[in-house]
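Structure first, then comments.
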Amino acid sequence: PQVFRFEYYYLLKNGAFSDTPWDAAAGHVNINGTQDLAAIVVTIAAIDKKSRVLVTDSQLTTLAASMADYSAAMRPGDLCAQWQSAIDQSNAVPRVALSGIRIYERHFHLP
């Protein structure tokens, strides 16, 4: 319930990151199971319960909207850095509540 922003993208077996779950460089144009995937990368932003009571739904929605979507031009760490920048520069949420926001990114490797 504390997660207010969620984004995911893919790590391909060729080492590239992608917003599609197939390797276009290998000539693939659609998903065929998980043949091209090494991992699914998930990034979330969450706010702790104490900070959440200080923020309206509208304020949190405004902050979430200012946080970038993943794009194929991004490198590892770019999405988290852009989200942190949006949080640091936010005027939509009280400063005291911003300190209760954390960004997490995890790779879920596939067999």
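The values are calculated or read from the model by the stated rules, or taken from the named source; none is laboratory data. No experiment lies behind these values; they were computed from the predicted model shown. Backbone-built Cβ (ideal geometry, glycine too); neighbour counts: all protein chains shown. Just the protein is used for accessible areas: all its heavy atoms, side chains included, with ligands, DNA and RNA removed. Shrake-Rupley method; radii C 1.70, N 1.55, O 1.52, S 1.80 Å.
For segment 17-31, the set of residues classified as open to solvent by 40 Å² or more (accessible area, probe 1.4 Å), assigned to a loop (DSSP other than H, G, I, E, B) and farther than 18 Å from GLN82 by Cβ consists of THR20, TRP22, GLY27, HIS28, VAL29, ASN30, ILE31, listed by residue number. Restricting attention to segment 39-49 and to residues that are under 18 Å from the mean Cα position of the chain (by Cα) and closer than 20 Å to VAL93 by Cβ, the residue that is most open to solvent (accessible area, probe 1.4 Å) turns out to be ASP48. In segment 70-111, the qualifying residues are those that are within 17 Å of the chain's Cα centre (by Cα) and among the polar types (S, T, N, Q), and the one that is farthest from PHE6 (Cα to Cα) is SER85. Here ASP36 clears all of (1) open to solvent by less than 30 Å² (accessible area, probe 1.4 Å); (2) of a type in the set (Asp, Glu); (3) under 22 Å from SER90 (Cβ atoms) except the condition numbered (3). In summary, helices (runs of 4 or more DSSP H) completely within segment 50-111 and bearing 3 or more residues that are open to solvent by 70 Å² or more (accessible area, probe 1.4 Å) occur at 57-65, 78-88.
GLY33 meets the stated requirement of being modelled with pLDDT under 95 and out of contact with any His (no Cβ under 7 Å at 6 or more places or on another chain). Among the residues of segment 49-59, is any touching a strand residue (DSSP E or B) at 6+ places or on another chain (Cβ under 6 Å) and over 17 Å from GLY77 (Cβ atoms)? No: segment 49-59 contains no residue that is touching a strand residue (DSSP E or B) at 6+ places or on another chain (Cβ under 6 Å) and over 17 Å from GLY77 (Cβ atoms).
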